[in-house]
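This report refers to the structure that appears directly beneath it.
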Amino acid sequence: MKYICLAILFNLAAASVFAQSPTAKVFETEKAFERMAAEKGVNAAFIEFMAPLGIMFVPEARNGREFWKSIPASPDLLTWNPIWIDVSSNGTLAYSIGNSIRRPKGKDDQEVFYGHYISIWGKQPDGEFRALLDTGINHPKPKSIPTDWKSPADSGVEKNEGKLSAADSAVPFYVSLEANAGKAYKSFLADDAVVMRSGKEPFIGKKAAMSAINGIDGTIRIPKRKAFVEGPDLAYVHNVYSIVDKAGKEIEGGNFVQVWKLRKGRWLIAAEMFVTSPNQN
């Protein structure tokens, strides 16, 4: 009887593993990443969980693995928690957004940096997810730090049978961005979009995001050449950006990443982060 019970337990455990959803797989990858950062240090963790060609903004866009290999071992204690995870309908591309806490000198450091991050995940040949892009912003200590995560109700729903291209669909957004950023974003932001800017807590939802975008005192400029990485219903793009005043003088600059999501046959901006370079305002 003992052997029969063991066999049943094994089969139940195996079924649980195989039934794991793609979003749950990304969550478990996030937590394994965090555990390794605590146990072996952030250098080892990023080298392990970045994809071979994965990008980080440090502050310029660089290969993440090569960056962490090139610097001395960091004493940082970095903890984080995903609060939003979405995966493409074919399970190969995903993104997560979460909160982070960093203590530069380790667990006893009284200097604490709070922030949010966005990670773009790609499924590797071995079935594991690794970060194609990982970046974050700092901001003042928030009133609360959520620990639960969720996904949009339509996660993985759109099959894109019409093979609509995110890159092609985004052209009108970029064409109109410099002339009228408010109008461009109003047309292309998803209702549940998350917009993140250096020094500020995330703007969650289209209404909050539009108030932040309309409050920009300057013109957003993004290079015309952009390369999208696309799944059936999720895509992302990263590049440099600048904000210039009325005289054309740059008042802010850095790197950005956008996640686009196909919803009912229309590509929309689901998430965006502008990471300001340190020497900028």
Problem set entry | Residues that are in contact with a Leu (Cβ under 6 Å, 6 or more places away or on another chain) and of a type outside the set (Gly, Ala, Ser), drawn from the stretch 38-83 | VAL42, ILE55
Seminar exercise, completed: Exactly one of ALA73, ALA51, ALA37, ALA45 is in the same structural domain as GLY98 (by TED's automatic domain parsing) and assigned to a loop (DSSP other than H, G, I, E, B), and that one is ALA73
For this session: Could you tell me which of the residues GLY122, GLY127, GLY182 is among the small types (Gly, Ala, Ser) and either closer than 20 Å to LEU262 by Cα or crowded, with 19+ Cβ neighbours inside 10 Å (or both)?
Result: GLY122
For this session: Check the stretch 206-225 and report whether any residue there is closer than 22 Å to LEU93 by Cβ and in contact with a Pro (Cβ under 6 Å, 6 or more places away or on another chain).
Result: no
Problem set entry | Candidates PRO172, PRO223, PRO278 - the one that is at pLDDT 95 or above and either of a type outside the set (Phe, Trp, Tyr) or buried (at least 20 other Cβ atoms within 10 Å of the Cβ) (or both) | PRO172
For this session: Could you tell me which residue of the stretch 202-229 is nearest to the chain's Cα centre (by Cα), considering only residues that are in a loop (DSSP other than H, G, I, E, B) and among the aliphatic types (A, V, I, L, M)?
Result: ALA227
Exercise. Using beta carbons and a limit of 8 Å, which pairs, at least six apart or on different chains, have the first residue in the stretch 195-222 and free of Cβ contacts under 8 Å to residues at least 24 places away in the same chain and the second one surrounded by 17 or more Cβ atoms within 10 Å (Cβ to Cβ) and outside any strand (DSSP E or B)?
Worked result: PHE203/ALA209
For this session: Report yes if THR147 is among the polar types (S, T, N, Q) and not in a loop (DSSP other than H, G, I, E, B), otherwise no.
Result: no
For this session: Hey, can you tell me all the residues within the stretch 106-129 that are assigned to a strand (DSSP E or B), out of contact with any helix residue (DSSP H, G or I) (no Cβ under 6 Å at 6 or more places or on another chain) and of a type outside the set (Ser, Thr, Tyr)?
Result: PHE113, GLY115, HIS116, ILE118, ILE120, GLY122, LYS123
Seminar exercise, completed: Taking the stretch 159-216 and keeping residues farther than 20 Å from VAL244 by Cα and in contact with a Ser or Thr (Cβ under 7 Å, 6 or more places away or on another chain) leaves LYS159
Exercise. Going through the stretch 230-279 one residue at a time, which ones are out of contact with any helix residue (DSSP H, G or I) (no Cβ under 9 Å at 6 or more places or on another chain), hydrophobic (A, V, I, L, M, F, W, C) and not in a loop (DSSP other than H, G, I, E, B)?
Worked result: VAL240, ILE243, VAL244, ILE251, PHE256, VAL257, VAL259, ALA270, ALA271, MET273, PHE274, VAL275
For this session: Output yes when any residue across the stretch 1-12 is within 22 Å of GLY98 (Cα to Cα) and either at pLDDT 95 or above or surrounded by fewer than 19 Cβ atoms within 10 Å (Cβ to Cβ) (or both), and no when none is.
Result: no
Exercise. Here are some residues: SER242, SER277, SER198. Which one is under 15 Å from the mean Cα position of the chain (by Cα), over 20 Å from ALA153 (Cβ atoms) and small (Gly, Ala, Ser)?
Worked result: SER198
Problem set entry | Scan of the stretch 25-40 for residues that are of a type outside the set (D, E, K, R) and either within 18 Å of ASP86 (Cβ to Cβ) or in contact with a helix residue (DSSP H, G or I) (Cβ under 6 Å, 6 or more places away or on another chain) (or both), ordered by number | VAL26, PHE27, THR29, PHE33, MET36, ALA37
For this session: Could you give me the residue pairs with C-beta distances under 7 Å whose first residue belongs to the stretch 248-264 and is under 26 Å from LYS163 (Cα atoms) and assigned by TED's automatic domain parsing to the domain that holds PRO232, whose second residue is outside any strand (DSSP E or B) and not charged (D, E, K, R) wherever it lies, and which are 6+ apart or on separate chains?
Result: TRP260/ALA166; TRP260/ALA170; LEU262/ASN160; LEU262/LEU164
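The values are calculated or read from the model by the stated rules, or taken from the named source; none is laboratory data. Nothing here was measured: the structure is a model prediction, and the numbers come from that model. Ideal geometry is used to build each Cβ from the backbone, glycine not excepted, and the neighbour counts take in all protein chains shown.
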